[in-house]
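See below for the structure under consideration.
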Amino acid sequence: LPPKAWVVVDDGSTDATAELLAAMATEHAWVHVVDRAEATRENLAGGRREGRALEGFKVGVRALPCEADVVIKVDADVDFDPDYCEQLVARFAADPKLAIASGTCHELENGEWVRRTKAESTVWGASRAYRWDCLGDVMALEPRMGWDGLDELSVQLRGLRTQTFVDLPFRHNRPE
């Protein structure tokens, strides 16, 4: 499933990410890079507590060149099968009450990929998909630890659903 747009927010990577992204943006017109390195470099250690991931996501959403039915947030340390996004978007198309969803997180443990997802209604932060008309719920949140549970509660209070699809794995390459 080719994306309408892929916005990559570089929030201070110290590897060759910037060069890789520049090459990808040259090769693919739908790749857009937002550089937040200067804004985040001073406080990398406190970034998780201060909601750096939420700030990066908000910047990415604001940089989207067009609306989409579903917006998928993926951390840089995640990988998945080629049809992951297609399957995830299809789940939203099949269920108009689905607001926030993800596949199931797996992390490497003793050489084996082990499922980490806890409950089916709790969506893992490293890969989250949002129905476009539910983005306001996350965009209104204050950037603090726990934001990626408050967005779920917000849409659930409106009678919408959140779900982790156990049959749709993704791999988190930085174990927590």
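The values are calculated or read from the model by the stated rules, or taken from the named source; none is laboratory data. All of these numbers come straight from a predicted model, not from anything done at the bench. Neighbour counts are summed over all protein chains in view; Cβ atoms, including those assigned to glycine, are modelled from backbone coordinates with ideal geometry. Only protein heavy atoms, including side chains, enter the accessible area calculation; ligands, DNA and RNA are left aside. Shrake-Rupley method; radii C 1.70, N 1.55, O 1.52, S 1.80 Å.
Here the gap between MET139 and ARG161, fully extended at 0.36 nm per residue and compared with their Cα-Cα distance, gives a gain of 6.1 nm.
Computed over protein heavy atoms with a 1.4 Å probe, the accessible surface of the chain works out to 56 Å² per residue. Reported to the nearest whole Å, the Cα centre-to-centre distance from the stretch 87-126 to the stretch 1-33 is 24.
Along the chain, counting only trypsin sites (Lys or Arg not before Pro) with a DSSP assignment other than H, G, I, E or B and at most 16 other Cβ atoms inside a 10 Å radius, the longest segment between sites is 50-96.
The Cα atoms of the chain give a gyration tensor whose axes a ≥ b ≥ c have a/c under 1.5, which makes the shape rounded. Summing Lys and Arg as +1 and Asp and Glu as -1 over all other residues whose Cβ lies under 9 Å from the Cβ of ALA129 gives a net charge of +4. Other residues lying with their Cβ under 12 Å from the Cβ of TYR84 contribute a combined charge of -3, Lys and Arg counting +1, Asp and Glu -1. Tell me the carbon and sulfur percent of the accessible area for the chain, rounded to whole percent, probe radius 1.4 Å. Whole-percent figure for carbon plus sulfur exposure: 54.
Only lysines eight or more places from LYS97 in sequence, or on another chain, were considered; those with a Cα closer than 21 Å are LYS73. Using the rule -39500 (n - 2.57) for each DSSP H run of four or more residues, divided by the residues of the chain, the 222 nm mean residue ellipticity is -8500 deg cm²/dmol. Sum up the charges of everything whose Cβ sits under 11 Å from the Cβ of LYS4, counting Lys and Arg as +1 and Asp and Glu as -1, but leave LYS4 out. Net of charged neighbours comes to -2.
Considering only beta bridges that DSSP places wholly inside the chain, some 50 percent are antiparallel. If you take every DSSP beta bridge whose two residues both sit in the stretch 86-176, what share of them, in percent to the nearest 5, is antiparallel? Among the beta bridges of the stretch 86-176, antiparallel pairing accounts for roughly 40 percent.
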